[in-house]
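Structure record follows, encoded as structure tokens.
The values are calculated or read from the model by the stated rules, or taken from the named source; none is laboratory data. Source: prediction; values computed, not measured. Note that each Cβ is placed from the backbone with ideal geometry, even for glycine, and that neighbours are counted across all protein chains shown.
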Amino acid sequence: MYRVAESEELADRIFLQWIQAPHVARNARAGQFLIVRIDDHGERVPLTISAVDGDLVRIVFMAVGKTTRQLSTLRRGDSVRDVVGPLGRPSDIRRYGTVAVVGGGAGIASTPIIARAAAEAGNHVIGIIGARNAGLLILEEEMRGICDELHVATDDGSRGRHGFAADVLKDVMARQKIDCAWVIGPAIMMKVTSEATRRAGVRTFVSLNPIMVDGTGMCGSCRVTVGGLTRFACVDGPEFDAHLVNFDLLMQRQRTYPEEERLSLERYQEHTCRCQEGDHRG
Amino acid sequence: MADRTPGARIHDFAEVDSGLTPEEAITEAERCLSCKKPACVQGCPVEIDIPAFLSSVAVGDFLAAARTIRENNLLPAICGRVCPQEVQCEGECILGGKETPVRIGELERFVADYERGQGMAVPEVAGPTWKRVAVVGSGPAGLTAAAELARLGHEVTVYESLHEPGGVLVYGIPEFRLPKEIVRAEIDLLREMGVKILTDQLAGASITVPELLEYDAVFIGTGAGLPYFMGIPGEQLPGVYSANEFLTRVNLMHADRFPEYDTPVRHAARVVVAGGGNVAMDAARVARRLGARVSLVYRRREEDLPARRAEVVRAREEGVEFVLCANPVRVLGDQSVTGVECQRMEMCELDLSGRPEPAPVPGSFFVIDADMFIEAIGQGPNPLLIRKLEGITYGRRGNIEVDDEGRSPLPRVYAAGDVATGAATVILAMGGAKKAARAIDRMLRDTDPEQA
């Protein structure tokens with residue numbers, strides 16, 4: 001069992017938790033992920049390691065499906081059955097020169113740890129974070145503290161620039177030379193944004209989030225096509241050269257279980273409603 | 001102990017049969033001729049004294065039989081169920097010439113089940129040597145090495161990356177072939193012997209290689225968990241699974257009981273499985289139990305199927321359709337699998353394994369309608385840990401190269417099982433692990449100045 005040390009709703013349906021998992025924390029590096037299983041009936045869910053502090057690892061997730069909703073109900077002092085990690089290869093952090101770290105939506109969660117590692121390696125770090133609206137923008141202050149400069153964009157213009165993170169990146173690339181970029185967010189955002197860096201000739205990493213089971217190379221569920229080759233995101237990734245990734249196949253495989261995901265969530269919601277009614281009567 | 005009818009079997013995950021009754025066991029054991037030079041023993045990878053255990057069964061002393069088996073095999077309830085006896089002990093049995101061989105496998109299972117029913121005695125553990133050994137992986141090789149090393153008095157810590165120990169015994173082999181309760185009983189016994197089993201620990205990550213090397217010895221039994229894919233078009237479509245993924249979802253994560261358990265597996269009406277080994281049979285039979293019509297496509301002939309004979313027979317009884325001398329060449333579908341295009345194969349000259357080399361027949365394509373395609377064409381060693389071990393040398397299939405006693409070129413690091421041999425059987429993994437454990441023991445005692 002692994003104790004939840006802190007739980008906080010950062011924005012509408014986006015949660016931040018610190019979990020005590022010393023075996024993960026002590027060797028975790030930027031770009032790696034962990035797998036959580038909440039209880040004996042739970043599924044194994046991969047989540048990026050967003051920060052590390054002593055024995056604690058931080059995860060940030062959007063409560064959309066059954067498991068993430070259940071996870072979001074855990075409070076300080078609760079615990080999860082399993083935490084496995086650190087998994088995957090760390091980010092390829094080097095002294096590139098000027099580095100852009102771009103996060104979209106809940107993908108912003110993955111950016112501080114990479115930005116910090118890039119800064120510590122001596123890079124000039126430009127952070128770009130974007131969300132649908134100001135209420136969904138997370139970790140802005142933290143990123144501002146790490147990055148040499150930080151740009152903010154919202155789809156509706158309620159904070160920062162009106163537009164997508166990709167638009168900001170394009171402007172930045174037009175103004176100055178970017179030596180390397182990380183782009184992390186929903187698959188469609190990574191696809192669009194890395195098209196821009198491809199045209200600009202900027203080396204780009206993306207962190208892929210396909211469906212996984214074991215997360216250790218054993219099942220092949222997370223296979224992705226990179227440069228025409230089949231690679232496993234769990235052990236060969238999760239970060240890959242953005243310009244070699246087939247995002248359409250990734251998105252197709254992410255939609256393997258739409259019916260099951262809906263069913264699982266409905267069943268969970270019915271169950272939690274009944275429990276709450278029970279609470280009122282009690 | 002007749003098999004349950006296939007019609008009943010395909011609706012649940014209970015075992016195919018309940019094993020021999022004591023009377024049946026005695027009658028069967030009495031058939032043994034007690035050969036002077038028992039060929040069956042030579043056919044056994046761990047050299048169980050088979051005539052001795054059979055003679056104990058014949059006189060009804062089942063616990064004595066269990067003790068005899070356990071001298072050489074620490075996991076008899078498992079081996080009795082999953083060993084390919086027809087090419088091992090039973091294949092060598094002299095009675096096989098004119099009638100049928102003694103059913104040694106079923107007798108081993110009977111004895112082990114009887115012993116478990118009586119409450120298993122914790123094996124005696126030697127006085128502590130104060131030597132610490134790390135065992136990586138808790139499959140057949142890791143469990144065997146851990147048991148043997150613990151028995152010899154060493155302090156053993158097992159690192160398992162999954163949330164449940166047992167390796168392929170829990171994620172790969174389905175419940176109807178190997179009830180998980182049996183695996184758990186063996187693991188409980190190990191714990192009682194003082195073995196520490198840590199789950200959720202990925203060696204090479206949760207514990208680093210330098211940390212592992214702080215142990216007095218390291219045994220690597222990480223198996224062959226990396227599934228191969230055929231590399232054919234359409235393989236990325238939703239509905240295409242490696243057998244490892246399909247079996248892990250059902251066996252380990254209980255997807256057959258979704259949504260009570262959170263992990264799903266796709267519902268399929270029509271499944272094609274590619275491959276002819278035990279893993280392919282397991283996948284096909286699990287898919288049957290989930291309610292699908294199943295076709296198993298294998299590129300060679302019936303007699304070349306590498307699976308255990310009994311599994312082929314049972315798969316067929318359960319309604320798995322065998323499409324032999326054929327090979328999938330393309331998965332059809334736009335958003336999801338709709339069919340599998342196959343090509344007929346003709347048998348050419350014998351290859352190194354003594355089986356005919358299959359060659360595609362030009363133009364002979366045909367389509368099997370399917371909404372799920374499962375590839376069971378083999379697995380290789382998982383490189384996750386071993387690529388971090390500097391000084392290790394690799395064989396042709398990415399396996400760790402070791403000598404006859406499991407020694408790797410890296411001092412104090414040993415390996416056995418599929419990670420050393422490439423994908424093979426449970427019993428070979430156990431045989432190798434036992435040899436390696438004994439070599440580790442000798443090495444630890446030699447390096448201890450007080451005992452030298």
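Of the helices (runs of 4 or more DSSP H) entirely within region B:139-229, those holding at least 2 residues that are in contact with a strand residue (DSSP E or B) (Cβ under 9 Å, 6 or more places away or on another chain) and away from chain A (no Cβ under 14 Å) occupy B:140-151, B:180-192.
Any residue that is of a type in the set (Lys, Arg) and either in contact with a helix residue (DSSP H, G or I) (Cβ under 8 Å, 6 or more places away or on another chain) or under 30 Å from B:LEU290 (Cα atoms) (or both) - is there at least one of those in region B:83-101? No: region B:83-101 contains no residue that is of a type in the set (Lys, Arg) and either in contact with a helix residue (DSSP H, G or I) (Cβ under 8 Å, 6 or more places away or on another chain) or under 30 Å from B:LEU290 (Cα atoms) (or both). Within region B:378-419, the set of residues being within 14 Å of chain A (Cβ to nearest Cβ) and not β-branched (Val, Ile, Thr) comprises B:GLY378, B:GLN379, B:GLY380, B:PRO381, B:ASN382, B:PRO383, B:LEU384, B:LEU385, B:ARG387, B:LYS388, B:GLY398, B:ASP418. Tell me, yes or no, whether region B:265-282 has at least one residue that is assigned to a helix (DSSP H, G or I), crowded, with 24+ Cβ neighbours inside 10 Å and touching a strand residue (DSSP E or B) at 6+ places or on another chain (Cβ under 6 Å). Looking for residues that are assigned to a helix (DSSP H, G or I), crowded, with 24+ Cβ neighbours inside 10 Å and touching a strand residue (DSSP E or B) at 6+ places or on another chain (Cβ under 6 Å), one finds at least one in region B:265-282, hence yes. When you check B:ILE197 against the structure, is it over 30 Å from B:PRO328 (Cβ atoms), in the same structural domain as B:ALA424 (by TED's automatic domain parsing), β-branched (Val, Ile, Thr) and touching an Asp or Glu at 6+ places or on another chain (Cβ under 7 Å), yes or no? Against the criterion (over 30 Å from B:PRO328 (Cβ atoms), in the same structural domain as B:ALA424 (by TED's automatic domain parsing), β-branched (Val, Ile, Thr) and touching an Asp or Glu at 6+ places or on another chain (Cβ under 7 Å)), B:ILE197 qualifies. Considering only residues in region A:197-209 that are modelled with pLDDT of 95 or more and buried (at least 19 other Cβ atoms within 10 Å of the Cβ), the one that is farthest from A:PRO90 (Cα to Cα) turns out to be A:THR197. So is B:ALA310 under 17 Å from the mean Cα position of the chain (by Cα), more than 30 Å from A:ARG37 (Cβ to Cβ) and not acidic (Asp, Glu) or not? Spelling it out, B:ALA310 is indeed under 17 Å from the mean Cα position of the chain (by Cα), more than 30 Å from A:ARG37 (Cβ to Cβ) and not acidic (Asp, Glu). Scanning region B:230-261 for residues that are out of contact with any strand residue (DSSP E or B) (no Cβ under 7 Å at 6 or more places or on another chain), more than 7 Å from chain A (Cβ to nearest Cβ) and at negative phi turns up B:LEU247, B:VAL250, B:ASN251, B:LEU252, B:ALA255, B:ASP256, B:ARG257. Do you know which of the residues in region B:86-125 that are in contact with a Pro (Cβ under 9 Å, 6 or more places away or on another chain) and not in a helix (DSSP H, G or I) is nearest to B:VAL312 (Cα to Cα)? Selected residue: B:GLN88.
Restricting attention to region B:297-314, the residues that are modelled with pLDDT of 95 or more and either at positive phi or in contact with a Leu (Cβ under 7 Å, 6 or more places away or on another chain) (or both) total 2. Among the residues of region B:410-436, the one identified as touching a Phe, Trp or Tyr at 6+ places or on another chain (Cβ under 7 Å) and either modelled with pLDDT under 90 or part of a helix (DSSP H, G or I) (or both) is B:ALA436. Taking (1) more than 7 Å from chain B (Cβ to nearest Cβ); (2) over 25 Å from A:ALA181 (Cα atoms) in turn, A:ARG267 satisfies each apart from (1).
If you go through region A:217-232 one residue at a time, do you hit one that is over 30 Å from B:TYR241 (Cβ atoms), out of contact with any Gly (no Cβ under 9 Å at 6 or more places or on another chain) and not β-branched (Val, Ile, Thr)? No, there is no match, as no residue in region A:217-232 is over 30 Å from B:TYR241 (Cβ atoms), out of contact with any Gly (no Cβ under 9 Å at 6 or more places or on another chain) and not β-branched (Val, Ile, Thr). I'd like to check something: does region A:91-109 contain any residue that is modelled with pLDDT of 95 or more, surrounded by fewer than 21 Cβ atoms within 10 Å (Cβ to Cβ) and within 14 Å of another protein chain (Cβ to nearest Cβ)? No, region A:91-109 contains no residue that is modelled with pLDDT of 95 or more, surrounded by fewer than 21 Cβ atoms within 10 Å (Cβ to Cβ) and within 14 Å of another protein chain (Cβ to nearest Cβ). The residue of region A:52-66 that is nearest to the other protein chains (Cβ to nearest Cβ), among those that are more than 18 Å from A:PRO258 (Cα to Cα) and buried (at least 21 other Cβ atoms within 10 Å of the Cβ), is A:VAL57. Against the test of being surrounded by 24 or more Cβ atoms within 10 Å (Cβ to Cβ) and of a type outside the set (Phe, Trp, Tyr), the options A:LEU169, A:LEU136 yield a single qualifying residue, A:LEU169.
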